[in-house]
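Data first, discussion second: the structure below is written as structure tokens.
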Amino acid sequence: MKFFNKISYKNIAYLFSCAIFFILTSCEEDLTKNKGTQSKNFPSQIINNANIIQRDSGFIVLKAKAPIIEKYELIDSPYTVAKKGIDIQFFDKKKPKIPGTIKAKYAKFFDYKQFYEARGNVRITTNEGQKFAMQSIFWDQRKKRIYTKDTVYVTMEDGSTLVGANGMTAKDDFSEYTFYNNSGDFSSKRISENKK
């Protein structure tokens, strides 16, 4: 009888240890499954009170200021975002002392696509003195094109105005632009210059 008691205690201990092993391994598998689905969409870099200067061959091309800039690099399509606004000065080698400016309440840059977007009270001033106002604008850096479907308000350096009710497309240096469904108030001098 003592022999059977010893065997049953050993069997119970063996079964109990097997049960614990299977419980622990099944919990371990659940933990690995959860880790694989965790979000990686969080900033890898955060810059507070950003003051960025970009140069090309020693020439300052761009100066940007923003209260906060966040870089999201751990995802498939990395991007950089300025959620609290941005103020950019861009410089042209033809007029290096007079910068153009872009101001917006929100800006985003997609690294691989080389694509920018700015939203919220977007204000652009060219180094020629033209002023553009709209709610959003997009810049495809590869194609060197800027466009928007929002209503665009333009004030020229001579005070004449133009409204593009259905947006515009332009070269990224504003040397050419096309407005859609436009109206405006041009001076007679400007119209006569364009006819020549």
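Among the numbered criteria (1) within 30 Å of Asn41 (Cα to Cα); (2) touching a strand residue (DSSP E or B) at 6+ places or on another chain (Cβ under 6 Å), which single criterion is violated by Asp76?
(2)
Can you tell me which residues in the range 102-139 are farther than 22 Å from Asn182 by Cα, charged (D, E, K, R) and loosely packed, with under 15 Cβ neighbours inside 10 Å?
The answer is Asp111, Lys113.
Answer yes or no: is there a residue in the range 76-92 that is under 18 Å from Asp172 (Cβ atoms) and basic (Lys, Arg).
No, because not a single residue in the range 76-92 is under 18 Å from Asp172 (Cβ atoms) and basic (Lys, Arg).
What tally of residues in the range 141-152 results from selecting those that are exposed (fewer than 15 other Cβ atoms within 10 Å of the Cβ) and part of a strand (DSSP E or B)?
1
Quick one: how many residues across the range 148-166 are at pLDDT below 90 and more than 22 Å from Asn127 (Cβ to Cβ)?
Summing the residues that are at pLDDT below 90 and more than 22 Å from Asn127 (Cβ to Cβ) in the range 148-166 gives 3.
Do you know which residues across the range 161-187 are more than 24 Å from Phe90 (Cβ to Cβ) and open to solvent by less than 80 Å² (accessible area, probe 1.4 Å)?
The first filter runs over the range 161-187 and keeps only residues more than 24 Å from Phe90 (Cβ to Cβ), leaving 163, 165-166, 180-187.
Scanning the range 161-187 gives Val163, Ala165, Ser183, Gly184, Phe186, Ser187.
If you take the residues of the range 59-95 that are surrounded by 14 or more Cβ atoms within 10 Å (Cβ to Cβ), touching a Ser or Thr at 6+ places or on another chain (Cβ under 8 Å) and not β-branched (Val, Ile, Thr), which of them is farthest from Arg123 (Cα to Cα)?
Per the stated criteria, the residue is Tyr72.
The values are calculated or read from the model by the stated rules, or taken from the named source; none is laboratory data. Remember, predicted model here, so these are calculated numbers, not experimental data. Methodologically, a virtual Cβ is constructed for each residue, glycine included, from the backbone with ideal geometry; neighbour enumeration extends over all protein chains shown. Protein only, heavy atoms only, side chains kept; ligands, DNA and RNA dropped before computing areas. Shrake-Rupley method; radii C 1.70, N 1.55, O 1.52, S 1.80 Å.
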